[in-house]
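The values are calculated or read from the model by the stated rules, or taken from the named source; none is laboratory data. For clarity, every value in this text was computed on a predicted model and none was experimentally measured. Here the Cβ positions follow ideal geometry from the backbone for every residue, glycine too, while neighbour counts run over all protein chains shown.
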Amino acid sequence: MKKKLFLIVVIIGVQCAIVAQQIVHVVPNTYILKLKENCRTTLLQKSISTALQSSTISIERTFPTHQALTHKANSWMVDLSLFYTLVADANSDKVIDELMKTGCFEYVQPKYLHYNLYVPSDSRVESQWHLNTIQAYDAWNICQGD
């Protein structure tokens with residue numbers, strides 16, 4: 001009986017953990033676009049406005065200070081100049097479908113929000129200002145030590 005009860009508790013715990021990991025937070029009506037290299041010269045604003053029938057509110061480069069990679073030695077690097085952030089007032093499924101139909105984007109996805117996953121059980125963790133300064137939360141998301 002004890003083994004069955006233990007097994008039921010473990011299964012319920014695992015299912016709760018799986019449900020907790022499936023919660024997705026996104027920024028409403030905001031999308032991340034990656035332009036295809038061969039569409040770099042296309043009039044981006046015009047093609048998006050046409051595809052979405054003028055439901056675009058704004059589009060801007062996600063990494064505005066990065067320039068296109070032109071040297072062949074940099075071919076292994078990710079070209080950050082191809083990423084754009086779009087804010088539209090249309091339905092998310094419609095935005096993604098219509099933009100992918102243009103053939104100019106490698107992908108179109110909602111802008112996801114990221115949260116720290118690990119917080120130590122220390123009751124005074126919020127008063128320890130230095131943890132943010134040394135980026136401890138980011139490190140703990142990778143490895144908590146042993």
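Brief remarks on what is shown
- Scope the stretch 39-68; condition part of a loop (DSSP other than H, G, I, E, B) and modelled with pLDDT of 80 or more; matching residues: Thr62, Phe63, Pro64, Thr65, His66, Gln67, Ala68
- The stretch 95-119, subset in a loop (DSSP other than H, G, I, E, B) and in contact (Cβ under 8 Å) with a residue 24 or more places away in the chain, residue surrounded by the most Cβ atoms within 10 Å (Cβ to Cβ): Cys104
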